[in-house]
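The values are calculated or read from the model by the stated rules, or taken from the named source; none is laboratory data. The model shown is predicted, which means the values in this text are computed figures rather than measured ones. No Cβ is skipped: glycine too gets one built from the backbone with ideal geometry, and neighbour counts run over all protein chains shown. Areas reflect the complete protein model, heavy atoms only, side chains present, ligands, DNA and RNA absent. Shrake-Rupley method; radii C 1.70, N 1.55, O 1.52, S 1.80 Å.
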Amino acid sequence: MQTTFPRLLMQHAAERPAAPAMREKEYGIWQTWSWERAAEDVRLMSGGLAALGFAPGQNLAIVGDNRPHLYLAFLAAQSLRGVPVPLYQDAIASEMAFVLQDAEIQFAFAENQEQVDKLLELRESVPGLLQHIIYDDPRGLRNYRYEGLISIERLFELGREYERQHPGFYRESVAQIQPGDVSVILYTSGTTGRPKGVCQTHASFIDAARGGVEVDGLGPQDNIISYLPPAWVGDHLFSIAQWLVAGFTINCPESANTVSIDLREIGPSYYFAPPRVFEGMLTSVSIRMEDAAAPKRWLYRKFMEVARRCGAEILDGHPVPFTDRVLYALGNVLVYGPLRNVLGLSRIRVAYTAGAAIGPDLFRFYRSIGINLKQLYGQTETCAYVCIQKNGRVKLNSVGEAAPGIEIRIADNGEVLVKGVSVLKEYYKRPDATAEVMDAEGYFHTGDAGRLDHDGHLHIIDRAKDVGKMATGAIFAPNYIENKLKFFPQIKEAVVFGDRRDEVCAFVNIDFEAVGNWAERQGLPYSGYVDLAGKPQVLDMVADCIEKVNADLAAEEGMADTQIARFLVLHKELDPDDDELTRTRKVRRGFIGDKYVVLIDALYGGRSEQFIETQVKFEDGRTGTVSATLRIRDVKRYPAVAEAA
């Protein structure tokens, strides 16, 4: 039976009013919203918005960190047959301007002073936008006197007054919502140009949520921590759609800086993170072990060898030699269990990663220590729901089988085509763009290159536009190589080049925390990122990591020609504020190629060093420059295993 998000909320409030719907940590104490309170807040927020003139068909911008009132604002807009439009909270004002203008935003819900200041700045610079701004956190805003700026407390008051004047309006409004109505507009990350507004319906997100809930048996007993950007499709699927379908509890951390602490306190049973978060966790583990006493390092190394050998197989219920099973049980007591506890994943029943490709080595690490990590594959245009990995059927190098309600087809050119319950309704005000990605048979063209194996598992090669061929004829899939590099805790980001060239070269960003920790233990002084990145000892360390990747590539069929020949360590971290990454931290490959063309020329020109000066943006909006002379290093390559044999 099809339904809508506001009706699901009303259903939970009626069936289990006192059960916990959401929690928020404030001043070190967890505050709880029952389903009844959540429904009441939405009703009052809807009334307040209606009193301000918010009408069906209008869009409500929502910007801020993960907060109960922020999530409830989605439902308040939907209850009035309006459409929420979330913005990335770390976007600067100029980046928000396009979305606000494109979506014709007159009403906005902002978390705090930081977001209010951005919106007020935009209102002054772009006439006709943002007549009403509602804020949640009053700190720093009590003395603000701007037309149309009100607190959420005032919105609640307006809602109560509106209810008295219009009894029954809320239920009447919710009853008029149709499952096929647009429930949210999520803007794409814009890796290749201006973001596009993806219009998804109540039915598409609810059906996608139901598929995941059924596969993993999610229900009211489950707990998740909501800490990812609410503007990202993955958070919308897990923290709103699945929350309302399964009825579990979402927990909002105190701040971005306390997520790891809050994670350990909550001990979620269900967890979701993009690969970069799992990469960061592994880096923190590596740093801890490097600082540990020699006996602990030895114990960790020995039992991780056991885990790599049989941990993933034990998790999947596959047969394992008796000796390995005993050693693994001992390792679970001494190493894996304490490690899961430190990561805050001790109670995890199921965890997912999505949003980008995850390297098989990283994937195996988590599964080997007993964390049921699986992959979910999808795009903003498919509610992040195309493939899902089922328990006992996890392959480290695939993204799983077609999810319930989804059909997958591979086009003649290798592109993955998708049809089913989660596919977008349209791009907002862009019929031309909609026609480009939807074919006559109703298939959405994902832009990803992939293949289906004999078990029906989908293997993603790379973005179709990024897959190329080297001059040797070898397939060049840059993301595959980059993920191998990022498995090393010392490497935070990597960009490789090789399309139509004789050899592969790479840009590397070091992980400042991991490499800085190593440098301190070596007694190696440094004054900052630029200085540390240029140290010969650091270049030696990165070269060693790259040579290990080259050895792996040499052992893989058809990959020997894609070994990295030369590299440099960039003098700055790739940054969304400098347009080098999207807000979801995806590499903007074309932009980087144009911006750093002098470095690419130096890599392929055989030079040993290259001076570069780069403009950077600071958090306060100012600009500056960073300059350095970068050393370029050659690395060892290996003969293909077949050739060596």
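Which of Lys425/Lys469; Lys118/Lys196; Lys302/Lys484; Lys425/Lys465; Lys296/Lys586; Lys465/Lys486 have a Cα-Cα distance over 26 Å?
Working: Lys425/Lys469 35 Å; Lys118/Lys196 21 Å; Lys302/Lys484 23 Å; Lys425/Lys465 24 Å; Lys296/Lys586 36 Å; Lys465/Lys486 22 Å.
Result: Lys425/Lys469; Lys296/Lys586 exceed 26 Å.
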**Prompt:** Cα convex hull of the range 444-544: mean projected area in nm², to one decimal?
**Reply:** 9.2
**Message:** Can you give me the % of accessible surface on the chain that is carbon or sulfur? Probe 1.4 Å, all protein chains present, nothing else counted.
**Reply:** 49
**Whether the range 14-125 is rounded, prolate or oblate, judged on the alpha carbon gyration tensor where a/c under 1.5 counts as rounded** = oblate
**Fill in**
Per-residue ellipticity at 222 nm attributable to helices in the chain (runs of n ≥ 4 DSSP H, -39500 (n - 2.57) apiece, nearest 500 deg cm²/dmol) works out to -11500 deg cm²/dmol
**Centroid-to-centroid separation of the range 320-373 and the range 110-129 [C-alpha atoms, Å]** = 45
**Complete:** Interchain or sequence-distant (5+) residues whose placed amide H lies within less than 5 Å of the amide H of Leu60 are Val83, Val85
**Request:** Multiply the residue separation of Arg160 and Phe512 by 0.36 nm, subtract the distance between their alpha-carbon atoms, and state the gained length in nm to one decimal.
**Result:** 121.6 nm
**Message:** Multiplying the sequence separation of Ala55 and Leu524 by 0.36 nm and subtracting their Cα-Cα distance, what value in nm do you get?
**Reply:** 162.6 nm
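Could you give the Stokes-Einstein D for the chain in µm² per second, using the C-alpha Kirkwood radius, 4 °C, 1.567 mPa s?
49
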**Request:** Taking only protein heavy atoms into account and a 1.4 Å probe, give the accessible area per residue of the chain in Å².
**Result:** 41
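Could you size up the charge dipole of the range 276-393 around its Cα centre, putting +1 on the beta carbon of Lys and Arg and -1 on that of Asp and Glu, and report it in debye to the nearest 20? List each step's numbers first, then the result.
On the way: 17 positive and 9 negative charges, 57 e Å.
Once rounded to the nearest 20, the dipole reads 280 debye.
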**Request:** Using a 10 Å cut-off on Cβ atoms, rank the peptides 45-52, 459-466 from the highest mean neighbour count down.
**Result:** 45-52, 459-466
**Protection proxy ranking of 546-555, 120-129, 260-269 - average other beta-carbon atoms within 10 Å, highest first** = 546-555, 260-269, 120-129
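How high is the relative contact order of the range 1-159, in percent, with contacts defined as C-alpha pairs under 8 Å that are six or more residues apart?
Values: 258 pairs, mean separation 34.4, N = 159.
In percent, rounded to a whole number, it is 22.
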**Prompt:** Among the helices of the chain (complete DSSP H runs), which have Cα atoms covering no less than 27 Å along the helix axis and a Kyte-Doolittle mean of at least -0.5?
**Reply:** 294-315, 536-555
